[in-house]
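Presented below is the structure to which this report refers.
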Amino acid sequence: MLSNQSKYAIRAVLYLAISANESNKLGSKKVAELIDIPAPFLAKIFQTLSKAKIIRSTKGPNGGFYLTEKELSKSLIDVIECIDGLNLFNECFFGLPKCSDENPCAIHHIISPFKTELKKELSEKSIAYFAEETKKGKSFIFLK
């Protein structure tokens with residue numbers, strides 16, 4: 001359902017939420033290496049997220065990317081919206097152009113509630129929440 005770009009963005013934002021702050025900024029190459037994402041791809045993702053004010057960046061010898069309390073309070077839906085947009089929550093799982101509640105595809109009534117609940121959860125829970133779950137070992141952003 002999510003593009004690779006959104007998946008990478010979510011993993012990278014969570015990594016920054018756990019590992020970086022204003023006094024400990026991380027470069028995109030380092031993050032890419034640590035969470036196994038192609039570095040040029042992540043650099044573009046970070047540029048997009050930074051312009052949308054979902055992450056912060058500073059240039060220079062002590063520069064890099066990080067999140068403040070303001071960014072940590074944003075939701076993962078903000079990340080997805082920045083990268084993919086939110087149409088994916090409204091589109092047919094099979095890609096049928098006229099699928100709807102009135103004109104459902106074969107699995108519309110199974111998928112529709114799932115997408116609604118997923119969007120709700122991703123909207124209501126903050127980046128900080130998911131970062132904390134990861135710190136506690138309840139979830140993972142990469143497995144090695």
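Of note:
- Secondary-structure-derived ellipticity at 222 nm for the chain, considering helices only, amounts to -15500 deg cm²/dmol, per-run term -39500 (n - 2.57) for DSSP H runs with n ≥ 4.
- For the chain, the Cβ-based charge dipole about the Cα centre amounts to some 600 debye (Lys, Arg positive; Asp, Glu negative; other atoms uncharged).
- The GluC sites (Glu not before Pro) of the stretch 54-142 that DSSP puts in a loop, and whose beta carbon has at most 15 other beta carbons within 10 Å, are E91, E102.
- Charged side chains reduced to their Cβ positions (Lys and Arg at +1, Asp and Glu at -1) give the stretch 3-64 a dipole of some 200 debye around its Cα centre.
- Violating pairs (Cα-Cα greater than 25 angstrom) within the set K51/K138; K29/K59; K59/K136; K30/K59: K51/K138; K59/K136
- Charged side chains reduced to their Cβ positions (Lys and Arg at +1, Asp and Glu at -1) give the stretch 48-124 a dipole of some 440 debye around its Cα centre.
- Across the options S126, H109, I141, the greatest Cα extent toward the positive end of the charge dipole of the stretch 98-144 (unit charges at beta carbon of Lys, Arg, Asp, Glu) belongs to I141.
Coordinate-derived values only; no laboratory data. As the structure is a computational prediction, the values presented were derived from the model and not from experiment. Reconstructed Cβ throughout: ideal geometry from the backbone, glycine too, with neighbour counts over all protein chains shown.
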